[in-house]
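K.L.:
Quick one: the structure is below, questions incoming.
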Amino acid sequence: MSGSIGDGGAPARSVVPEKAWPLWEVFIRPSRGLSHTHAGSLHAADATMAIANARDLYTRRAEGVSIWVVRSADLVASSPDEKDALFDPAGDKIYRYPTFFTASEGVPGL
Amino acid sequence: MESTTPAGAPAADPARDAARDTESAEFDAVIAADGRIEPRDAMPDAYRKTLVRQMSQHANSEIIGMQPEGNWITRAPSLMRKAILMAKVQDEAGHGLYLYSAAETLGTSRAEMTDALLAGTARYSSIFNYPTPTWADMGAIGWLVDGAAIVNQVPLCRCSYGPYARAMVRICKEESFHQRQGFEILLTLSRGTTAQHEMAQDAVNRWYAPSLMMFGPPDADSSHSAQSMAWKIKRFSNDELRQRFVDMLVPQAEALGLTLPDDGLRWNEQRGHYDYGDLDWAEFKAVLRGEGQCNAQRLAHRRRAHEDGAWVRDAASAYAAKQATKDAARQEVSAA
């Protein structure tokens with residue numbers, strides 16, 4: 001399901017005037033060794049401005065060492081309607097967790 | 001899911017009704033389990049409307065809220081104070097933008113919200129319609145206005161709407177700097193010359209009652225409170241939050257060596273809280289109606305700033321369009 005996303009999934013129905021700057025999603029890497037994490041969204045005319053605005057908006061207190069921006073319209077998200085079909089198969093496979101196996105209890109190193 | 005039935009048409013689609021019931025049950029279950037509603041989840045129209053109203057008002061307040069303090073940037077008493085005040089006003093712009101983008105996830109564009117603010121049809125907190133005639137007002141705003149905002153905003157970090165709650169977490173982290181810097185300004189003045197001490201007291205005298213009114217009308221007169229609490233948008237009532245704020249202020253005022261201008265203020269052993277005097281709700285309503293000292297000035301300034309920035313927005317759009325055309329041409333050449 002594709003659609004315009006804001007903050008990880010807005011409905012694609014806002015009426016944006018033609019001259020309005022597009023919406024961008026911002027991802028920040030808090031420090032070396034960590035993944036980029038979604039920080040929020042902002043408006044900018046182009047990618048260069050989106051990075052500059054993200055710097056001013058989301059890293060005023062040294063919150064990051066690297067920024068990704070992507071046009072919200074280019075993000076593809078799963079639909080909440082498909083949640084069951086997508087995620088249910090993981091629900092009944094408790095043997096994927098180590099706690100399922102109890103025979104090794106008390107054995108050192110296991 | 002959006003209804004495609006025109007307003008007023010008979011709803012005679014049992015399948016759609018059933019789908020609606022399921023969605024509504026899912027929404028209720030998430031709220032009951034203290035979970036979070038996310039942008040693409042189904043939600044009642046009234047919930048969406050309430051959030052857009054509250055979040056856009058909140059965002060507008062941050063944007064208009066830059067003006068009373070912006071007034072003193074050029075006249076701050078030292079370079080350090082000036083740098084601090086600029087950082088604070090920049091934070092407020094940031095808070096406005098976090099909130100606009102959180103509100104946009106509900107399907108209302110920032111342009112619509114900006115237009116409503118400029119047209120005077122959207123509200124913002126009435127506190128920003130009071131003037132800031134002295135430097136001590138910078139202290140009183142930080143201590144009282146930001147202090148009240150924090151009391152109001154901390155519970156919003158657990159608001160049932162995910163993007164709003166996340167924006168509030170970020171905002172609350174930054175607000176505590178605002179409150180402390182205000183306290184520090186007042187403390188410095190309070191311990192200064194007699195004239196400086198009086199200036200600090202005068203500012204507190206003017207901002208105390210308006211800051212208490214920031215929590216909104218008494219619970220009995222608050223039109224949206226009960227529903228917002230049921231939806232877990234609000235966690236505490238206006239009067240509960242106001243009480244929490246008053247209880248917090250009394251020892252802080254003592255630390256400042258300043259008094260609070262309230263004859264009704266006294267410790268109530270039975271309640272375990274401070275009692276406080278009646279507030280002038282007629283004044284509150286008049287300021288909301290647009291009759292405050294600075295309503296017209298704040299809006300006129302906002303409109304002028306927006307119009308003055310139009311050429312920058314247009315130029316950036318034109319540049320982006322030109323670059324996109326160039327990029328497309330370059331790609332065609334390399335593909336050929």
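K.L.:
Which trypsin sites (Lys or Arg not before Pro) from segment A:36-110 combine a DSSP loop assignment with at most 16 other Cβ atoms within 10 Å?
P.N.:
Those satisfying the criteria are A:60, A:61, A:93.
K.L.:
Ok, one more. Can you give the angle from 0 to 90° between the axis of helix B:238-256 and the longest principal axis of chain B, with both taken from C-alpha atoms, to the nearest 10?
P.N.:
The helix B:238-256 is inclined about 40 degrees to chain B.
K.L.:
Here is a further query. Report D for segment B:268-336 in µm² per second (integer): Stokes-Einstein, Kirkwood Rh on Cα pairs, 10 °C, 1.306 mPa s.
P.N.:
Value of D from the Cα-based Kirkwood radius: 89 µm²/s.
K.L.:
Summing +1 for each Lys or Arg and -1 for each Asp or Glu, what net charge is found among the other residues whose Cβ lies under 11 Å from the Cβ of residue B:136? Don't jump to the answer; show the numbers that get you there.
P.N.:
Working: positive: B:206; negative: B:137, B:198, B:202.
Cβ neighbours under 11 Å give a net charge of -2.
K.L.:
What fraction of the DSSP beta bridges in the protein assembly as shown is antiparallel, stated in percent and rounded to the nearest 5?
P.N.:
DSSP beta bridges in the protein assembly as shown are roughly 95 percent antiparallel.
K.L.:
Check each of the trypsin sites (Lys or Arg not before Pro) in segment B:98-193 and keep only those in coil by DSSP with at most 12 other C-beta atoms within 10 angstrom; list them in order.
P.N.:
Hits after loop and neighbour filter: B:191.
K.L.:
Which of rounded, prolate, oblate describes segment A:18-100, given a ≥ b ≥ c as roots of the alpha-carbon gyration tensor eigenvalues and a/c under 1.5 marking rounded, otherwise prolate only if a/b is larger than b/c?
P.N.:
oblate
K.L.:
For B:259, B:105, A:48, give the ranking by accessible area with the largest first, probe 1.4 Å.
P.N.:
These residues rank, largest area first, as A:48, B:259, B:105.
K.L.:
Taking every Cα atom in the protein assembly as shown, find the radius of gyration and the maximum pairwise distance Dmax, and write them in Å.
P.N.:
25.2, 85
K.L.:
What are the equivalent ellipsoid semi-axes of segment B:49-136, built from the alpha-carbon gyration tensor (square roots of five times its eigenvalues), in whole angstrom, biggest first?
P.N.:
So the equivalent ellipsoid measures 28, 14, 9 Å along its semi-axes.
K.L.:
Would you check the protein assembly as shown for Lys pairs whose C-alpha atoms are within less than 20 Å, ignoring same-chain pairs closer than 8 in sequence, and give me the count?
P.N.:
7
K.L.:
Per DSSP helix of 4 or more residues, -39500 (n - 2.57); summed, then divided by the residues of chain B. What does that give at 222 nm, rounded to the nearest 500?
P.N.:
Helix-only estimate at 222 nm: -21000 deg cm²/dmol.
K.L.:
So how far apart, in nm, are the two label points at residue B:331 and residue B:255 if each is 7 Å from Cα heading toward Cβ?
P.N.:
For the pair residue B:331/residue B:255, the computed spacing is 5.8 nm.
K.L.:
Could you sort A:24, B:311 by their accessible area in this structure, using a 1.4 Å probe and putting the largest first? Can you show the working numbers first?
P.N.:
On the way: A:24 15, B:311 180 Å².
Accessible-area ranking of A:24, B:311, largest first: B:311, A:24.
K.L.:
So for B:159, B:172, what's the accessible-area order with a 1.4 Å probe, most first?
P.N.:
Accessible-area ranking of B:159, B:172, largest first: B:172, B:159.
K.L.:
Return a whole-number percent for the relative contact order of segment B:183-256, with Cα pairs under 8 Å and 6 or more residues apart as the contact set.
P.N.:
Details: 38 pairs, mean separation 20.7, N = 74.
Result for segment B:183-256 is 28 percent.
K.L.:
Report the net charge of residues surrounding residue B:76, where surrounding means a beta-carbon distance below 15 angstrom and charges are Lys +1, Arg +1, Asp -1, Glu -1.
P.N.:
Taking every Cβ under 15 Å from that of residue B:76, the sum is +1.
K.L.:
Take the Cβ-Cβ distance between residue B:269 and residue B:220 as r, set R0 to 30 Å, and report the resulting FRET efficiency rounded to the nearest 0.05.
P.N.:
Calculated value: 0.75.
K.L.:
Per 10 Å bin, what is the whole-percent P(r) computed from every C-alpha pair distance within segment B:140-269?
P.N.:
Answer for segment B:140-269: a P(r) of 12, 39, 31, 15, 3, 0 percent.
K.L.:
Report ³J(HN,Hα) in whole Hz for each residue of segment B:40-53, in order, from the Karplus equation J = 6.51 cos²θ - 1.76 cosθ + 1.60 where θ = phi - 60°; Gly and Pro get x.
P.N.:
For segment B:40-53, the Karplus curve yields 8, 5, 5, 8, x, 4, 5, 5, 4, 5, 4, 5, 4, 4 Hz.
K.L.:
Right, another one. With r defined as the distance between the Cβ atoms of residue B:195 and residue B:308 and R0 fixed at 41 Å, what FRET efficiency is calculated, to the nearest 0.05?
P.N.:
The formula returns an efficiency of 0.65 here.
The values are calculated or read from the model by the stated rules, or taken from the named source; none is laboratory data. Computed from a prediction, not measured in an experiment: that's the story for all the values here. Reconstructed Cβ throughout: ideal geometry from the backbone, glycine too, with neighbour counts over all protein chains shown. We work out accessible area using only protein heavy atoms, side chains counted, and drop any ligands, DNA or RNA first. Shrake-Rupley method; radii C 1.70, N 1.55, O 1.52, S 1.80 Å.
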